[in-house]
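The values are calculated or read from the model by the stated rules, or taken from the named source; none is laboratory data. Computed from a prediction, not measured in an experiment: that's the story for all the values here. Don't worry about glycine lacking a Cβ; one is built from the backbone with ideal geometry, like all the others, and counts go over all protein chains shown. Heavy atoms of the whole protein, side chains included, go into the accessibility calculation; ligands, DNA and RNA do not. Shrake-Rupley method; radii C 1.70, N 1.55, O 1.52, S 1.80 Å.
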Amino acid sequence: MKKLFLAFSFWLLAAGLTHAATIGFVIPDNRVVMDEELKVELVLKTESENVNALEGGIVWPSDKLELIGVQDNFSVVSLWIKDPNKLATSTLGQLPFSGLIPSGYGEPRGQILTLIFRPLVSGPASITVKDGLILLNDGKGTPAETIIEPLNFKIRSTRGINQLWGYLFFLIVGIIIVILLWRIIRRRKSFAV
């Protein structure tokens, strides 16, 4: 019983020492349409940890998404080591970033940067971070357990929506023509009698 108690106590202590933080993505509208601008926020979720550095590489399918801009106006990062604005001309579907937060950051959620894409083709797509690393603001640069939350979404075709409206329009016009022809034929028969 004593061994079980010690094992359980050790497990609770070890669980309490785990430092985790998350890098993920947010899109304001779940409706992603081909050829319409798509803004994607890269966010930091600290889960009550105080962090002061982060890095990684944003990866997306370059055959489905074209990066047209990067904004860091409201970023929690104040000092960029690898400035994504200077590297934003990437057509390879990768964008490295690395930055410091000298005073640390411990709020539940903060924006790292905003990516602006142009969806090129319809279909499923995803954006993720590879080699993500978050360091704690503990004076030692202790790596936090970094959790990556990828963004999975579907790009819809504007032509598909327009084709649907086109088919609906021609269906309604066709029904009106059939009704008019039926009335004309019916009137001619009534005059013939």
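Residue 120: touching a Lys or Arg at 6+ places or on another chain (Cβ under 9 Å) and open to solvent by 40 Å² or more (accessible area, probe 1.4 Å), yes or no? Yes, satisfied.
Only residues that are within 18 Å of the chain's Cα centre (by Cα), assigned to a strand (DSSP E or B) and not aliphatic (A, V, I, L, M) were counted in the stretch 74-99, giving 3. Condition check for residue 157 on (1) surrounded by 15 or more Cβ atoms within 10 Å (Cβ to Cβ); (2) at pLDDT 95 or above: one failure, at (2). From the list 172, 147, the lone residue that is more than 23 Å from the chain's Cα centre (by Cα), at pLDDT 80 or above and open to solvent by 50 Å² or more (accessible area, probe 1.4 Å) is 172.
Residues in the stretch 14-73 that are hydrophobic (A, V, I, L, M, F, W, C), part of a loop (DSSP other than H, G, I, E, B) and either open to solvent by 50 Å² or more (accessible area, probe 1.4 Å) or within 18 Å of residue 131 (Cβ to Cβ) (or both): 60 alone.
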